[in-house]
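The values are calculated or read from the model by the stated rules, or taken from the named source; none is laboratory data. What you see is a predicted model, and the numbers here were worked out from it, not measured in a lab. Cβ: placed from backbone, ideal geometry, glycine included. Neighbour counts: every protein chain shown.
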Amino acid sequence: MHKVLLVDDEKNILSGYRRNLRTKFHIYVSESGKGGLDILRNNGPFAAVVSDYKMPEMNGIEFLSKVRDLYPDTVRVMLTGYADLDAAVNAINEGNIFRFLSKPCKVELLAKNIYDAIGQYQLITAEKELLNKTLKGSIKTLIDILAAVNPEAFSQAAQMRSMARKILARLRIQNSWEVEIGTLLSKIGLVTVPQSIIRKKYQGAELTADEEKMFFHHAQIGNELLKHIPRLEKIAEGINYQYACYNGEGESIDFKVGDNIPFLGRLLKVLNDFYSPINKGAAPNEALRIIQKKHEIYDPDILGALIAEVQGLSEGSIISMKKLTELKIGMLLAEGIKDINGFLLVPKGNELTNISLMKILNYNKMTKIQEPIKIIESTI
């Protein structure tokens with residue numbers, strides 16, 4: 001039998017429902033929303049939750065909204081003696097309610113609606129299970145194809161995924177499965193590109209104009225390959241944008257820019273350009289220096305997280321690029337502040353004070369300061 005939770009602050013009503021429904025469902029009861037959440041947490045998963053509307057401390061709408069957020073597969077039913085239109089609308093909009101029933105409610109009617117809710121729950125879970133199995137199978141097949149057809153491309157993608165995980169951790173990004181899978185599949189379009197061209201690219205050799213065009217077209221090919229697979233639509237779009245500049249440099253007018261570029265695309269842009277000089281033999285710190293020369297074409301938070309990771313800063317820290325006018329008292333310097341002639345004004349690791357900030361601003365009036373200025377910021 002499926003588990004069903006009934007929540008009502010009236011003990012007599014709960015006792016009656018449990019007595020009449022216990023042979024049909026595995027019934028749990030609670031006299032409050034808080035108690036109901038404890039039951040869901042300790043005894044889940046539940047197929048359905050039936051809640052009264054008018055309860056002290058936490059009403060039914062508030063309770064079912066929390067259920068929706070914490071246990072989205074559980075189907076929610078509202079049962080109330082105060083069945084006015086406003087309550088119904090709020091319940092449906094805020095709690096995403098499956099059914100709205102009026103009290104007093106006959107046991108037979110309540111049982112029928114619980115059966116309907118369980119049916120809905122079975123549809124949701126069956127579809128999710130099928131989708132997950134199909135998705136996992138599709139992803140594994142695509143990764144296996146990439147590894148077999150283009151081992152150089154697969155190796156690059158695997159290396160990028162490893163760094164992506166570290167960047168995601170620094171940025172405190174949760175539920176990152178799409179980004180991790182997207183990073184690993186970012187080179188799937190290279191299955192259409194001759195291995196000789198891929199090998200030249202990843203070994204740092206110069207490509208002809210035609211070879212360059214063929215290589216970079218893999219982003220659009222990857223988008224076309226993935227966008228029709230359920231739940232990979234966002235990944236496909238991100239892969240399509242993996243060479244897009246954050247500031248829109250060099251892109252067509254209909255291309256997205258800035259934060260409108262999918263996060264995956266912004267991340268891949270940073271990683272692609274970081275590993276490009278490494279493929280030619282550069283050390284990680286040298287690769288950083290190369291891409292920082294055009295820092296404006298990258299998402300600043302992602303670039304800052306990459307810099308912090310390569311430089312070995314404590315977890316939860318990123319590097320931010322600041323203009324002189326953006327400096328504030330208390331900021332911690334990731335690099336020393338110098339003038340355009342290389343003269344050091346404030347050393348690396350110093351925290352800006354009122355005095356040091358005034359000194360920098362006054363000095364800039366006489367001899368320009370090198371910008372941008374790198375600041376260590378915490379994401380915690």
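For the reader, a short list of remarks on this structure follows.
- In the set E335, E309, only one residue is touching a Lys or Arg at 6+ places or on another chain (Cβ under 6 Å), of a type in the set (D, E, K, R) and assigned to a helix (DSSP H, G or I); that residue is E309.
- Scanning region 74-112 for residues that are at pLDDT 90 or above and either touching an Asp or Glu at 6+ places or on another chain (Cβ under 6 Å) or surrounded by 20 or more Cβ atoms within 10 Å (Cβ to Cβ) (or both) gives T74, V75, R76, V77, L110.
- Test: V346 is within 23 Å of the chain's Cα centre (by Cα) and not assigned by TED's automatic domain parsing to the domain that holds D259: no
- Residue in region 209-232 that is farther than 30 Å from S314 by Cβ, touching a Lys or Arg at 6+ places or on another chain (Cβ under 6 Å) and not hydroxyl-bearing (S, T, Y) present: yes
- Condition met for G265 (under 25 Å from the mean Cα position of the chain (by Cα), surrounded by 18 or more Cβ atoms within 10 Å (Cβ to Cβ) and assigned by TED's automatic domain parsing to the domain that holds E178): yes
- In the set (1) more than 17 Å from L264 (Cβ to Cβ); (2) under 30 Å from the mean Cα position of the chain (by Cα); (3) modelled with pLDDT of 90 or more, D210 fails one condition alone, (2).
- Scanning region 206-236 for residues that are assigned to a helix (DSSP H, G or I), more than 12 Å from L185 (Cα to Cα) and not basic (K, R) yields A209, D210, E211, E212, M214, F215, F216, Q220, E224, E233.
- Selection of region 296-314 for residues being surrounded by 12 or more Cβ atoms within 10 Å (Cβ to Cβ) and at pLDDT below 85 yields only L313.
- Region 115-135, subset surrounded by 13 or more Cβ atoms within 10 Å (Cβ to Cβ) and of a type in the set (A, V, I, L, M, F, W, C), residue modelled with the lowest pLDDT: L135
- Only one of the numbered conditions (1) out of contact with any Gly (no Cβ under 7 Å at 6 or more places or on another chain); (2) modelled with pLDDT of 90 or more is violated by L142, and that is (2).
- Filtered residues of region 206-219 (kept if of a type in the set (A, V, I, L, M) and loosely packed, with under 13 Cβ neighbours inside 10 Å): A209
- The set of residues from region 357-377 being of a type in the set (S, T, N, Q) and surrounded by 11 or more Cβ atoms within 10 Å (Cβ to Cβ) comprises N364, T367, Q370.
- Top-ranked residue of region 171-205 - restricted to ones that are among the polar types (S, T, N, Q) and in a loop (DSSP other than H, G, I, E, B), ranked as surrounded by the most Cβ atoms within 10 Å (Cβ to Cβ): S186
- Among the residues of region 1-55, those that are closer than 21 Å to I118 by Cα, in a helix (DSSP H, G or I), of a type in the set (D, E, K, R) and more than 39 Å from the chain's Cα centre (by Cα) comprise R18, R19.
- Looking across region 14-38, the residues that are of a type in the set (A, V, I, L, M, F, W, C) and touching a residue at least 60 places away in the same chain (Cβ under 8 Å) come down to L21, F25.
- The conditions of being without any contact (Cβ under 8 Å) to a residue 24 or more places away in the chain, within 24 Å of G258 (Cβ to Cβ) and in contact with a Ser or Thr (Cβ under 9 Å, 6 or more places away or on another chain) are met by I291.
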